[in-house]
1. Identify the single condition in (1) under 18 Å from Val2 (Cα atoms); (2) touching a residue at least 40 places away in the same chain (Cβ under 8 Å); (3) touching a Pro at 6+ places or on another chain (Cβ under 6 Å) that Ile82 does not satisfy, given that it satisfies every other one.
2. Filtering the range 109-148 down to residues that are in contact (Cβ under 8 Å) with a residue 12 or more places away in the chain and small (Gly, Ala, Ser), which residue is farthest from Arg21 (Cα to Cα)?
3. Output the number of the condition that Leu93 fails; it satisfies all remaining conditions of (1) within 25 Å of Glu27 (Cβ to Cβ); (2) open to solvent by less than 10 Å² (accessible area, probe 1.4 Å).
4. What is the one condition in (1) in a helix (DSSP H, G or I); (2) at pLDDT below 95 that Pro5 does not satisfy?
5. Residue check: is Ser47 open to solvent by less than 50 Å² (accessible area, probe 1.4 Å), closer than 25 Å to Lys101 by Cβ and either in a strand (DSSP E or B) or touching a residue at least 24 places away in the same chain (Cβ under 8 Å) (or both)?
6. Do you know which of the residues in the range 8-40 that are assigned to a loop (DSSP other than H, G, I, E, B) and free of Cβ contacts under 8 Å to residues at least 40 places away in the same chain is most open to solvent (accessible area, probe 1.4 Å)?
7. Only one of these conditions is not met by Glu129: (1) over 14 Å from Cys6 (Cβ atoms); (2) out of contact with any Gly (no Cβ under 8 Å at 6 or more places or on another chain); (3) open to solvent by less than 50 Å² (accessible area, probe 1.4 Å). Which number is it?
8. Being within 20 Å of Trp33 (Cα to Cα), in a loop (DSSP other than H, G, I, E, B) and open to solvent by 90 Å² or more (accessible area, probe 1.4 Å): is that true of Lys104 here?
Amino acid sequence: MVLGPCRGNICRSPIAEAVFRKLVTDEKLEHKWRIDSAATSRYEIGSPPDYRGQNCMKKHGIPMNHIARQITKEDFQTFDHILCMDESNLRDLNRQSNQVKDCKAKIELLGTYDPQKQLIIEDPYYGNEKDFETVYEQCLRCCKAFLEKYH
């Protein structure tokens, strides 16, 4: 089970979720994985993914169906892996996990799995379509490598 959080759950994490779900589905492994994404903040709860991220996913033929939600205590107790996007997410998640009894999730940066060694997946919110494409490319590399390791 994999959860991909970012700050607002409208840019990076829904892209990572959609990419990983597509990879798992293409490999016919969807019965083995629970995939979701969440926010470390409350800013965007209930919002759909950013339209630029949705356009990027459409361009690559990847379905995206997500409404932003905040990470919960139960997420730390039920997900095996929580793969976040940057150091700020990592700090927030580690701090939150310390307050959760029976936290079983391994919390790390999704970029840890990038074969091109780009550890941080930058927030494209204040950028343009090219920045969303960069996030997609990073997520694709990282999710492929993660799936190869844990498949």
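The values are calculated or read from the model by the stated rules, or taken from the named source; none is laboratory data. Predicted model only: the values in this text are computed from it and were never measured. So basically every Cβ, Gly included, is an ideal-geometry build from the backbone, and we count neighbours across all protein chains shown. To get the accessible areas, we keep the full protein, side chains included, count just its heavy atoms, and leave off ligands, DNA and RNA. Shrake-Rupley method; radii C 1.70, N 1.55, O 1.52, S 1.80 Å.
1. Only one criterion is unmet by Ile82, namely (3).
2. The extreme case among them is Gly111.
3. Among (1) within 25 Å of Glu27 (Cβ to Cβ); (2) open to solvent by less than 10 Å² (accessible area, probe 1.4 Å), the lone unmet condition for Leu93 is (1).
4. (1) is the only condition that Pro5 fails.
5. Working: open to solvent by less than 50 Å² (accessible area, probe 1.4 Å): yes; closer than 25 Å to Lys101 by Cβ: no; either in a strand (DSSP E or B) or touching a residue at least 24 places away in the same chain (Cβ under 8 Å) (or both): yes.
For Ser47, the condition - open to solvent by less than 50 Å² (accessible area, probe 1.4 Å), closer than 25 Å to Lys101 by Cβ and either in a strand (DSSP E or B) or touching a residue at least 24 places away in the same chain (Cβ under 8 Å) (or both) - is not met.
6. We begin by selecting, within the range 8-40, every residue assigned to a loop (DSSP other than H, G, I, E, B); these are 8-11, 27-29, 33-34, 40.
Within this subset, residues satisfying the condition of being free of Cβ contacts under 8 Å to residues at least 40 places away in the same chain are 28, 33.
Working: Lys28: 149, Trp33: 39 Å².
It comes out as Lys28.
7. Single failed check for Glu129: (3).
8. On the way: within 20 Å of Trp33 (Cα to Cα): yes; in a loop (DSSP other than H, G, I, E, B): yes; open to solvent by 90 Å² or more (accessible area, probe 1.4 Å): yes.
In short, yes.
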